[in-house]
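Peer 1: Got a structure here, written out as structure tokens. Questions coming.
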Amino acid sequence: MTYCIGLLTDRSLVMLADTRTNAGVDAISTFRKLSIWEEPGERVIALMTAGNLAASQTVVNMLNEGIDFGAENEEMGALNGQTLMTTPSMFKAAQLVGAAVREVYRTDGKALEAQDASFDVSMILGGQIRGRRMRLFQIYSAGNFIEATEDTPFLQIGETKYGKPILDRAFSYSIDNAAAVKLAMVSMDSTLRSNMSVGMPLDLMVYNRDSLQVSVNKRIETDDPFFGDLSQGWAQSLRDALSVTPNPPWLDGC
């Protein structure tokens, strides 16, 4: 499994993904889940994936090379041959990712089901194309998608439940970049502590609105000093907060 977070603010996108794909006593694999397409001054598009690794890698390859839907498929004809480096808008990019997911299901879905393997793919797509606004989408296994808004400014895929409470309490659309990155890391740290199917290293991308170039593209290793200090500091802050919280009055004398 995996955990990926996409945060949308009024000034930036923050995207953070782990790299674990297989968890077990003697079977732990690491694969990059964050892919970036960048043409400085023209576009920055990032995609994070969770679920079936073979299916998600096939989708990424299609987005690199283009999809041939066939001349007879009028509905998808406009997307024939498109890649994430040629699509004209982020909405069209989300449509292209959804179409790629459906195409992989069409070719591989029945074979997976015959082997009792579910077609489980979910993705977070974010970025900006010159002349268009910055956007963030979540794409589901059916190829349909939703968009993050000011009211719902973060999206998660994979093992979402452990890292969601901190985002619900502290994240907002107007938050600054540093706070957004720290919240993403605390959300990831909470998940790492509670679920062994999520693991280091992590991949982080920060994109500043209208810059049309990646601001931060960083691999965070297990021994990263900032992440380690953040993890320990957050745990200590929780203990300190608990110690100063008033005791329930009905516990007097216990």
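The values are calculated or read from the model by the stated rules, or taken from the named source; none is laboratory data. All of these numbers come straight from a predicted model, not from anything done at the bench. Note: ideal-geometry Cβ built from the backbone for every residue, glycine included; neighbour counts use all protein chains shown.
Peer 1: Scan 102, 135 and give me the residue that is over 17 Å from residue 34 (Cα atoms) and of a type in the set (Lys, Arg). If you could, list the steps in order and put the result at the bottom.
Peer 2: On the way: 135 fails: over 17 Å from residue 34 (Cα atoms).
Within the list 102, 135, the selection yields 102.
Peer 1: Can you tell me which residue in region 161-202 is nearest to residue 49 (Cα to Cα), limited to those that are in a loop (DSSP other than H, G, I, E, B) and among the β-branched types (Val, Ile, Thr)? First the steps, then the outcome.
Peer 2: Of region 161-202, the ones in a loop (DSSP other than H, G, I, E, B) are 161-163, 171-176, 195-201.
Those still in the list that are among the β-branched types (Val, Ile, Thr) too: 175, 198.
Values: 175: 25, 198: 13 Å.
If we take residues in region 161-202 being in a loop (DSSP other than H, G, I, E, B) and among the β-branched types (Val, Ile, Thr), then 198 is nearest to residue 49 (Cα to Cα).
Peer 1: Examine region 192-207 for a residue that is touching a residue at least 40 places away in the same chain (Cβ under 8 Å), at positive phi and surrounded by 13 or more Cβ atoms within 10 Å (Cβ to Cβ), and state whether such a residue exists.
Peer 2: First pass over region 192-207, keeping only residues touching a residue at least 40 places away in the same chain (Cβ under 8 Å): 192, 195-207.
From the residues that got through so far, the ones that are at positive phi too are none.
No: zero hits.
Peer 1: While we're on this one: Just name the residue that is surrounded by the most Cβ atoms within 10 Å (Cβ to Cβ) out of those in region 3-22 that are assigned to a strand (DSSP E or B), among the hydroxyl-bearing types (Ser, Thr, Tyr) and at pLDDT 95 or above. Step through it out loud before you land on a result.
Peer 2: As a first pass, look at region 3-22 and keep what is assigned to a strand (DSSP E or B): 3-8, 12-17, 20-22.
Among the residues that remain, those that are also among the hydroxyl-bearing types (Ser, Thr, Tyr) are: 3, 12, 21.
Checking which are at pLDDT 95 or above leaves us with 3, 12.
Numbers: 3: 29, 12: 20.
Selected residue: 3.
Peer 1: Does region 147-160 contain any residue that is over 28 Å from residue 236 (Cβ atoms), among the hydroxyl-bearing types (Ser, Thr, Tyr) and part of a loop (DSSP other than H, G, I, E, B)?
Peer 2: Yes, there is a match, as at least one residue in region 147-160 is over 28 Å from residue 236 (Cβ atoms), among the hydroxyl-bearing types (Ser, Thr, Tyr) and part of a loop (DSSP other than H, G, I, E, B).
Residue-wise test of (1) closer than 30 Å to residue 40 by Cβ; (2) among the basic types (Lys, Arg).
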site: 165; (1), (2): no, no
site: 175; (1), (2): yes, no
site: 183; (1), (2): yes, no
site: 202; (1), (2): yes, no
site: 213; (1), (2): yes, no
site: 239; (1), (2): no, yes
site: 246; (1), (2): no, no
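Peer 1: Within region 227-250, does at least one residue satisfy the condition of being outside any loop (DSSP other than H, G, I, E, B) and over 23 Å from residue 183 (Cα atoms)? Please lay out each step first, then the result.
Peer 2: Just the residues of region 227-250 that are outside any loop (DSSP other than H, G, I, E, B), to begin with: 227-244, 249-250.
Then keep just the ones that are over 23 Å from residue 183 (Cα atoms); that gives 249-250.
Within region 227-250 (the criterion being outside any loop (DSSP other than H, G, I, E, B) and over 23 Å from residue 183 (Cα atoms)), the answer is yes, since at least one residue qualifies.
Peer 1: Could you list, ordered by first residue, the pairs with Cβ atoms under 6 Å in which the first is in region 47-61 and closer than 12 Å to residue 98 by Cα and the second is part of a helix (DSSP H, G or I), at least 6 apart or interchain?
Peer 2: These pairs meet every condition: 59/100; 59/101; 59/104.
Peer 1: In region 167-188, how many residues are surrounded by fewer than 17 Cβ atoms within 10 Å (Cβ to Cβ) and β-branched (Val, Ile, Thr)?
Peer 2: So the answer is 0.
Peer 1: Residue under question is residue 210, and the condition is that it be out of contact with any Pro (no Cβ under 8 Å at 6 or more places or on another chain), at positive phi and among the acidic types (Asp, Glu); does it hold? Quick ask: steps written out before the conclusion?
Peer 2: Numbers: out of contact with any Pro (no Cβ under 8 Å at 6 or more places or on another chain): yes; at positive phi: yes; among the acidic types (Asp, Glu): yes.
The answer is yes for residue 210.
Peer 1: So residue 184 fits all but one of (1) closer than 14 Å to residue 8 by Cα; (2) touching a Gly at 6+ places or on another chain (Cβ under 7 Å); what number is the exception?
Peer 2: So residue 184 meets the others, but not (2).
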